[in-house]
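What follows is one structure encoded as structure tokens, with my remarks underneath.
The values are calculated or read from the model by the stated rules, or taken from the named source; none is laboratory data. The model shown is predicted, which means the values in this text are computed figures rather than measured ones. Cβ: placed from backbone, ideal geometry, glycine included. Neighbour counts: every protein chain shown. For accessibility, only protein heavy atoms count, side chains too; no ligands or nucleic acids. Shrake-Rupley method; radii C 1.70, N 1.55, O 1.52, S 1.80 Å.
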Amino acid sequence: MSGIGGWDPCRQLWGRTPGCCVFPSSPPPAAGLKGQAPFAMDRVMQLSWLLVFLSLCLGVLPTRAGEGKRKLQIGVKKRVDHCPLKSRKGDVLHIHYTGRLEDGTEFDSSLHRDQPFVFSLGTGQVIKGWDQGLLGMCEGEKRKLVIPSELGYGDRGAPPKIPGRATLVFEVELLKIERRPEL
């Protein structure tokens, strides 16, 4: 039997007892400590063993890569019927966009400037969420990108308009793809 007094926290928490979580069924006796009641010392020792046990178990639990991270969400708002050319890494894209925070606060838009934003896709000129979310797009297509902070501006944000750890929501329209000839 594992655990303290027959209680197995691993089995209760995770439904099993991992190999790392095996320890004596009762803590060592508290004999030899003067001035302490045996019952109180037994409780202190049980708690001490429990803390050691939890420290060991939690220190070796496997974690999944990317756990806790949110993923990029891509929604197609407008499809095009004829798409002879899809965007790929290295293409120069001409897009219109509006960027908002999750609460709907607009922080930027190319529409207000009446001039498309032009950049090279997949080369690090824009946030990672754009480099990933605009791949495979057709001229005339519209998408909605929901970009977690890890693929946006991260913990720092882009003050004063974009706070740290902000999820960004972009509505984008691809106006033109310029494909560079391959060498």
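Of all strands (runs of 3 or more DSSP E) completely enclosed by region 117-183, which ones contain at least 1 residues that are within 14 Å of R88 (Cα to Cα) and hydrophobic (A, V, I, L, M, F, W, C)?
Qualifying strands (runs of 3 or more DSSP E): 117-120, 168-178.
Considering each residue of region 55-107, count those that are within 25 Å of the chain's Cα centre (by Cα), modelled with pLDDT of 65 or more and polar (S, T, N, Q), and give that number.
Number satisfying all stated conditions: 3.
Restricting to region 152-163, count the residues that are open to solvent by 30 Å² or more (accessible area, probe 1.4 Å) and touching a helix residue (DSSP H, G or I) at 6+ places or on another chain (Cβ under 9 Å).
Going residue by residue through region 152-163, those that are open to solvent by 30 Å² or more (accessible area, probe 1.4 Å) are 153, 155-156, 158-161, 163.
If we keep only those that are touching a helix residue (DSSP H, G or I) at 6+ places or on another chain (Cβ under 9 Å) too, we end up with 155.
So the answer is 1.
List pairs: first in region 155-173 and within 24 Å of F119 (Cα to Cα), second aromatic (F, W, Y) and open to solvent by 20 Å² or more (accessible area, probe 1.4 Å), Cβ under 8 Å, 6+ apart or cross-chain?
K161/F107; I162/F107; I162/Y153; A166/Y153; L168/Y153
Applying the selection to region 116-148, what residues are touching a residue at least 40 places away in the same chain (Cβ under 8 Å), open to solvent by less than 30 Å² (accessible area, probe 1.4 Å) and of a type in the set (S, T, N, Q)?
Scanning region 116-148 gives no hits.
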